[in-house]
Structures are given as structure tokens and as C-alpha cells.
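Here the structure comes first, spelled out in C-alpha cells, and everything after it is commentary.
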Amino acid sequence: MDVRSMHKSLSVFWQLYFAVLSLLVTPARAIKRTVGPPDDPRFENASRICNGSDPASFKFGACSVLISCVFNNLSEALKASLGSGTSIAALLPTILALIGSPPLELVQLALLSPHRALATCCFSIGLPSGLFRQLKPLHSQLSHSNPLEPRVREWTVVLPTLSSKRWQNLSAKLVMDVIIMTLASIMLWRNWVVTSFTMVPWRCEYSWLLFAWPIACMTWLIIAVVLLHLMKESIEIYHAEDTSIKYRTWELMLLPYTFGVDRFPQRKISLSTLPIHGEGPKTAAVSQAELRDQLSDSSEMVHRHYPQSPPPPTVKRSDTVLSYSGNCVIVRIIMPSNYGPRSWRWFEAFIESLAVGIYLYATFVLTSTLFLNADKAIIYSTVMTVCLSAVRILTTLF
């Protein structure tokens, strides 16, 4: 990949990131803070007694006094509900980490569709089953099963074909993008609502602590993609069935919207490893007849040898790819070294370390959140979980 195409791909990421960042930071600064949900009369009464509508009450040194005054004017039942709400919200980062995409899968998605990758990792970066496993000396500990070439990662990107007409594919893709971005916007909106009436006691003067969670996740994605372009030795993108058809990185981003069935070579379904229908039983029958003749002619044979059944048919990965209703693109990325600083093992370890830090930050903030009662916490967690699950499903299928 030349420098020009790399510059185009990175500029797309930066422009998209700064556009999303401006949409997030601007309302975060303009959040109108309240003590508890504004539609709850119990918090409204406590806020009126403690002068919670005054912005000066949320400044450094004064917010601790406000917190003590509000809790003194709440019932014990409501205090118990607040404790339950904090416990429910504290589980949300773990739940989203289980649903979210792993780090390398997010990087792969970012090369194909940056806006979908931002929507997928907006609140969650899925953590692998074993962190830092790639730092072990054994090749088998790498996250990608490629023990012979640890420098190489080869990803098969499936481009589903929804219709034989290109405009129908384009329309379906755009509709899915609108739905995915709408779901991500709902998650951001719900996070903004919770941020507006909650406080974090160890930094109660800041209103953007919870809103920094999605900003950190999207910043992580930008860092991972830029670091990949800086560390890699080469990147090749070509069609799975015709390697002569090659693409640049920015062309790969446009490929899901511009491709059609007529643009790619006709699919050649040749499952060379599968036995031909009708030949298997015939071959087995001939082998049995010859064996019976040998057994009858040989008087010195002590043990009778029965023919072994033919091995089960094996299907290659390339044959499996052909079974999907769509065209495939191969993304092959090579790092300069196997175990040095510019290798896959250190790249994965670095981005996973950042992901763990973001996960801990979100857990600490939500564990310390005040004025979030149980019913609001249940709604908040349910909306976030359902929206992220829907984003993952739509991104995977379409």
C-alpha cells in the first residue's frame, strides 16, 4: 500500500472521529445537572431543600456538602434503592465486554467500515478469554492460529450479496447503516440522560466523567488503527477467488457499497477434497471383492484384515467461504518481526492493555455513581445491552 492511500484512509478515520467527538463533547459541556431524576418528586424535594438547582452547588468543595444534605433528606427505602441501582450499573461494563467484539475484530471491522466499528466499540471493547497470552514464547499462544507464520495475519472479509442488483445492495447497506447508527445514538442519549442527574463523589465537580467512557472507547479504536498502519510492513487486499483483483485501503471502505455481482468473477464451486457422488460406494465394493479373493487364495494368512471405511470428507477453509452468499476479500497484513517491538504480539498486548484500562475506568465510575435508583439503573442497563446486541447482530449479518 502506497503512502497516498494510507493518507486517505487515515484522514477518513480522523475526520469521522473528530465529527463524532464534537457531537459528544459539546453536549457534555452543556449538561444541565440535577440531583437525581428530575421527574422524581422525592429527589425534587431534597434538591429544593439543599439548593440543588444552583450551579455553584456542584463546584469543587461545595458538592460534598450537597451530597450530604441530599442523603439526609431521603428515606431509608430510597437509599436502599440507590445502593441497588449502583450495584446494577456497576455490572454494565462487564456485560458489554462479554457482548462486544474482541480488539482484533474491531480493527478488522475498522478497515472495512469505520463508522460501524465506532458504533460497535462505542461503549465496549470485548476482552479475549486470556489476556497477554501472545507474550508467551509458544507460537500456539497467538490469538490467530498461524503457527508457521507469526508475522502474518490473514483475514477473510465476507461481503454479503443481498440482491443481484447493485442499487438494491446499496439501499440495503445504507438502511442497515442508519439503523446501526441510530442504535448507537440511543446508547449515547441514554448515557447522557444518566450523566445529567448522577454524581461521582470523588470528582463531583465534573459532569463529563461518565460521558468520557464512549469517548475513550472510540479514541482507543483510532489509536489501534493508526498504530497498525505505523507498525505494519505491508498490507495486501485482494479478492478471494481472483488474486489479481487488488484493492487499496480506502477502496476497501467503499467496496461494501459499490460492489455488485457483475463486478466479481463468477464463482467456481470446486470442492476438490469432497468425494464425487457415486464413486465412494463403488470403490469400497471393489476393494472388498479383491480382499476376499486374496483371503481365499492365501492359506498362510492368520489374521483377517477388514477394509477400513474411507475417511470422512474434509472441507477446506476456501471451500467453506464459497458456501456463503457473497464475495470474499482477503486482507493480509505482515509485521516486520516475529517477536520484536514491531510484531503482532506487542501490538495485541498494547491495544489489550488500553482496553483493560478503559474497562476499569468505566467500572470505577459506575460503581461510584450516586443518585441512580434501581428502576433507572435497570432501564439504563437494559437499553445499553439490547442496543449493543442489535448492533453486533446487524454488523455481523449485513
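The values are calculated or read from the model by the stated rules, or taken from the named source; none is laboratory data. These numbers were taken from a predicted model, which means no experiment stands behind them. With ideal geometry, Cβ positions are generated from the backbone for all residues, glycine too; neighbour counts draw on all protein chains shown.
Figures for the structure shown
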| item | result |
| --- | --- |
| Of residues in region 228-248 being surrounded by fewer than 16 Cβ atoms within 10 Å (Cβ to Cβ) and of a type in the set (A, V, I, L, M), the one farthest from the chain's Cα centre (by Cα) | I245 |
| Region 71-95 residues that are closer than 30 Å to I125 by Cα, paired with ones that are loosely packed, with under 15 Cβ neighbours inside 10 Å and among the aliphatic types (A, V, I, L, M) (beta carbon under 7 Å, 6 or more apart) | I88/I378 |
| V331 being in contact with a helix residue (DSSP H, G or I) (Cβ under 8 Å, 6 or more places away or on another chain) and either at pLDDT 90 or above or surrounded by fewer than 13 Cβ atoms within 10 Å (Cβ to Cβ) (or both) | yes |
| Every residue from region 162-195 that is out of contact with any Phe, Trp or Tyr (no Cβ under 7 Å at 6 or more places or on another chain), modelled with pLDDT of 90 or more and among the polar types (S, T, N, Q) | T182, S185 |
| Any chance A355 is in contact (Cβ under 8 Å) with a residue 40 or more places away in the chain, assigned to a helix (DSSP H, G or I) and within 22 Å of the chain's Cα centre (by Cα) | yes |
| Per-region count, region 199-221, residues of a type outside the set (A, V, I, L, M) and within 28 Å of the chain's Cα centre (by Cα) | 8 |
| Residues being within 14 Å of S124 (Cα to Cα) and surrounded by fewer than 17 Cβ atoms within 10 Å (Cβ to Cβ) - total across region 217-227 | 1 |
